[in-house]
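A quick write-up on the structure given underneath.
Just so you know, all these numbers are worked out from the coordinates, no wet-lab data involved. The shown structure was predicted, so the numbers you read here are calculated from the model rather than taken from an experiment. Ideal geometry is used to build each Cβ from the backbone, glycine not excepted, and the neighbour counts take in all protein chains shown.
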Amino acid sequence: MAYAIEEVTEIQDRLVAEIQTGRSLRQVCKDEGMPDFRTVQRWIVSDGSFAVKYARARMAQADTLFDRMEEVEEAVSAGTMDSHAARVVLDSMRWRASKLAPKVYGDRLDVSVTDNRISITGALQAAQSRLVDVTDAVPRISASDASDSEKAGGVGPRADGPR
């Protein structure tokens, strides 16, 4: 379906407003008079201004999800919702919020290193000083070791060569 430019702007504003209330894009696209999901995806890719508005709406959607978590908590406190069901709902809401706004609601891992006292230079020099020059790394079996091994029924080199 082709839209006039004024219609597109109005529809995009409605999409953004609905997403900010917490509804998903798929839900909004099912409403009467709204474009197909794929059409909106094309608009996001082709229209930079709409893409920015859409991204901001998704951030607001994460805030809405976070705010709704309090309603679930209150329902559990009031005894109108089972705590196990609430856990599932809250976990889902928390996960969605963390994906929509990872900087705000995502898990933070601090991997910065601020301690500069650790140096491997000294350990490397100490290890190098302990190295022994190895001139022959191939193990040798003496004739007496080989005959002892054969007497014991073991497998070892034979005096007449390899088997």
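For this structure, a couple of remarks:
- Residue check, THR64 in contact (Cβ under 8 Å) with a residue 24 or more places away in the chain, among the hydroxyl-bearing types (Ser, Thr, Tyr) and on the phi < 0 side of the Ramachandran plot: yes
- Scanning the stretch 1-20 for residues that are surrounded by 12 or more Cβ atoms within 10 Å (Cβ to Cβ) and either over 25 Å from LEU65 (Cα atoms) or not hydrophobic (A, V, I, L, M, F, W, C) (or both) turns up TYR3, GLU7, VAL8, THR9, GLU10, GLN12, ASP13, ARG14, GLU18, GLN20.
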